[in-house]
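Colleague: Here's a structure for you.
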Amino acid sequence: MYSFIMRFGGVVLLVVAVATAVWACKAPEEVEKDWWQTAMFYQIYPRSFKDSDGDGIGDLNGITSKLEYLKEIGVTATWLSPIFASPMVDFGYDISNFIEIHPEFGTMQDFDNMIKKANELGIKIVLDFVPNHSSDEHEWFKKSELKESGYEDLYIWDSGFPDPNDPNKRLPPSNWMSHFRGSAWQWSDIRKQFYYHAFAYQQPDLNYRNPALVQKMKDVLTFWMDRGVAGFRCDTVPDLFEKAPENGRYLDEPRNMYVNDPDSYDYLQHPYVIDQPETIDMSYQWRQVLDKHQATHGGDSRILLIETYSPPAYSNQFYGNRTMEGAQIPFNFNLIMRFDKDKGAEGLIEAIDSWMKVMPYGRTANWVIGNHDQKRASTRYGVKRIDFMNMVHMLLPGVTVTYQGEELGMLDGVLTWEQTVDPQACNGNPDIYEDLSRDPCRTPFHWDATTNAGFTTGPTTWLPIAPEYQQRNVAVEKTSTAKTHLKIYLELIKLRKEKVIQNGRHHYSQSSDVFVLKRWIPSGEVIVLIANLGKADVSFNLKEHDSSLPNLEIVISDINSSKGASMSLNSENIPLKPDEAVVAKGTLSRNSRYIRR
């Protein structure tokens, strides 16, 4: 080979250069994409999706029984919130065994049956990977607390400081705060040291500066891939590392002067407990584990979805760098955290730009409008805008993630203080629990209008059913003769499968209160989303906004619109009511001007 290159090196280099140039000149719509790059992911919160045994708690057999529904609504892969053994202090995010199924959810055989049926339907299963912490009932923690050999430093331990007011007590090593309120340090009477917990005190943080712990968690990934999962959504990754002690001491974090509640996590700024540089490298190591498994066993790419509410400049590092691949999908929560709905179209452009303009070249965008930790999309944006927000995150380029119920326009449930079970809220009080609770977005899924929304045959549910279930459920929305959120969602799924959405070019813009998203293939199909995010009726001149556009015909309109499918649009005069959104289609001529972006 070496002598061949020396003798014919110029020719070989020329061939490589020509091949590279041809690839670089390919239009975006001609570039072949991996399965996940245009995927529709669907998040299932297992406790609340479907109960199969009448105990009021969703389970694996319930999920399996509804996989056909996921197929019907176009799901490529479904991500399951934790199903592992747990004392359920944080409803599965406190894991006592990373490779066992919690009995409330079923058995390992139930899991294998679910994987088998999902494979038959062409649906991939993605599991929640909770790497930051375990339960304090995990065998590893119990052994670490006893300082058993090989387990001493699997968690973060420190002796703290003597209490000057009580010689029999110790003070925490630093002022670090828990996400769930109060100090992040908990004293162990067994070990006579403090351990660090970023969340509940029953969720001690794992020590990723210990190579043995790193390997144990990699083994967890391999275990589940061996059972057929397609990848992992990685929970609370920014909390993975903390700044190492300096001169044997953990540094106190500075005060956040905008928050006056001393028990709040936001009482402090957090330069030392989140977004550490070592965290990025760990995600690259996990990607290596996934790629090695695919290389060994074959099949489609295994994927990583990283949860990070960090600034985009940090989150985007998870994609990888010039020498290492990272997560295919670092979650983009800008449509949740950065979209100021009161700013209308301008606010939406800012939220989209703040991801697209910092995303590394050649990577794939992703769009999320809700999850199990946030108010439901319909509650947050308003019911009148849920169809529009589904349009936005379905029609922008890249991956889309739907949280169960967003296709129905489900609203948050209503809970009293006495009904509240979320530890984040229970650590508060009756005056503030509603601001802290995640229970309202986790109430059971609405299958039909029967008792308990068809979620269970039992008399009770682990969280109360949301009050509007008789109007917002699968059965009613599927069979109604009127326009429904589910029918609109299904039309979007159908549209999303077209080449112009899968691979086409894009441009988004605004004109006053009107938002416009254009997807197109040069000299081919063009699809345009037009929405009035203002408070007054408008007559919008689309031709004036973009003279390249041809005559258009409506294919989808939101529930607020009286415009029907196949209706022709006068592009120079499109009347739009407040919060009205339409999707229209046309064909570009060969002479049409278009923007490369």
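Colleague: Taking the DSSP beta bridges in the chain as the whole, what percent of them are antiparallel, to the nearest 5?
Modeller: So the antiparallel bridges amount to about 65 percent of the total.
Colleague: Something else about it: Quick one: Cα centre-to-centre distance for the stretch 356-424 and the stretch 538-576, in angstrom?
Modeller: 26 Å
Colleague: Right, something else. Enter the accessible area per residue of the stretch 460-535 (Å², integer; probe 1.4 Å; all protein chains in place).
Modeller: Result: 38 Å² of accessible area for each residue.
Colleague: Only one of the values (i) 40.6; (ii) 32.6; (iii) 36.5 was calculated from this structure for mean projected area of the Cα convex hull in nm²; name its label.
Modeller: (ii)
Colleague: Roughly speaking, to the nearest percent, how much of the chain's 1.4 Å accessible area is carbon and sulfur?
Modeller: Of the solvent-accessible surface of the chain, carbon and sulfur hold 51 percent.
Colleague: Can you compute 3J(HN,Hα) from phi for each residue in the stretch 254-263, using the Karplus curve 6.51 cos²θ - 1.76 cosθ + 1.60 with θ = phi - 60°, rounded to whole Hz and x for Gly and Pro?
Modeller: Running phi through 6.51 cos²θ - 1.76 cosθ + 1.60 with θ = phi - 60° gives x, 6, 9, 6, 8, 10, 10, 8, x, 8 Hz.
Colleague: Still on this structure: Mind listing which GluC sites (Glu not before Pro) in the stretch 141-179 are in a DSSP loop and have 13 or fewer other Cβ atoms within 10 Å?
Modeller: Here the sparse-neighbourhood loop sites are Glu148.
Colleague: About its Cα centre, how strong a charge dipole does the chain have in debye, to the nearest 20, once Lys and Arg get +1 and Asp and Glu get -1 at the Cβ?
Modeller: 2560 debye
Colleague: Within 10 Å of each candidate Cβ there may be at most 10 other Cβ atoms; applying that plus a DSSP loop requirement, which trypsin sites (Lys or Arg not before Pro) in the stretch 341-434 survive?
Modeller: Lys357
Colleague: Further question: In Å², and per residue, what accessible area does the stretch 56-197 have when probed at 1.4 Å with the other protein chains present?
Modeller: For the stretch 56-197, the per-residue accessible area is 38 Å².
Colleague: Would you kindly find the accessible area of Val220, with a 1.4 Å probe and non-protein molecules such as ligands, DNA and RNA excluded, rounding to the nearest 10 Å²?
Modeller: Val220 has an accessible surface of roughly 10 Å² with all protein chains in place.
Colleague: Once you keep just the Cα pairs under 8 angstrom separated by 6 or more residues, what percentage relative contact order results for the chain?
Modeller: 12 percent.
Colleague: For a quick check of understanding: with a 1.4 angstrom probe and all protein chains in place, what accessible area in square angstrom does Tyr489 have, to the nearest ten?
Modeller: Here the accessible area works out near 0 Å².
Colleague: Something else about it: Of Ala244, Val220, Leu268, which is farthest along the charge dipole of the stretch 220-269 in the positive direction, counting Lys and Arg as +1 and Asp and Glu as -1 at C-beta?
Modeller: Val220
Colleague: Report, by chain and number, residues whose modeled amide H sits under 5 Å from the one on Cys234, excluding near sequence neighbours (fewer than 5 apart, same chain).
Modeller: Amide H neighbours of Cys234: Phe129, Leu305, Ile306, Glu307.
Colleague: A further question on this structure: Can you give the Kirkwood hydrodynamic radius of the stretch 26-147 from its Cα pairs, in Å with one decimal?
Modeller: 15.9 Å
Colleague: Suppose accessible area is computed on protein heavy atoms with a 1.4 Å probe; arrange Phe161, Phe540 from highest to lowest.
Modeller: I get Phe161, Phe540, largest accessible area first.
Colleague: Among the GluC sites (Glu not before Pro) within the stretch 535-582, which fall in a DSSP loop and have no more than 11 other Cβ atoms within 10 Å of their own Cβ?
Modeller: Passing both the DSSP loop test and the Cβ count: Glu572.
Colleague: Oh, and also: Kindly report the accessible area of the stretch 295-424 per residue (heavy atoms of protein chains, probe 1.4 Å, no ligands, DNA or RNA), in Å².
Modeller: Averaged over the residues of the stretch 295-424, the accessible area is 34 Å².
Colleague: While we're looking at this one, here's another question. If the label point is 7 Å along Cα→Cβ of Thr457, which residues in the stretch 91-118 have backbone nitrogen under 19 Å from it?
Modeller: Residues passing the 19 Å test: 104-107, 110.
Colleague: If you don't mind, another one. Pick out, from Leu569, Val500, Ile554, the residue whose Cα sits farthest towards the positive end of the charge dipole of the stretch 489-597, with +1 on the Cβ of Lys and Arg and -1 on the Cβ of Asp and Glu.
Modeller: Result: Val500, furthest along the dipole toward the positive end.
The values are calculated or read from the model by the stated rules, or taken from the named source; none is laboratory data. Predicted model only: the values in this text are computed from it and were never measured. Heads up, the Cβs are rebuilt from the backbone with ideal geometry, glycines too, and the neighbour counts pull from every protein chain shown. Only protein heavy atoms, including side chains, enter the accessible area calculation; ligands, DNA and RNA are left aside. Shrake-Rupley method; radii C 1.70, N 1.55, O 1.52, S 1.80 Å.
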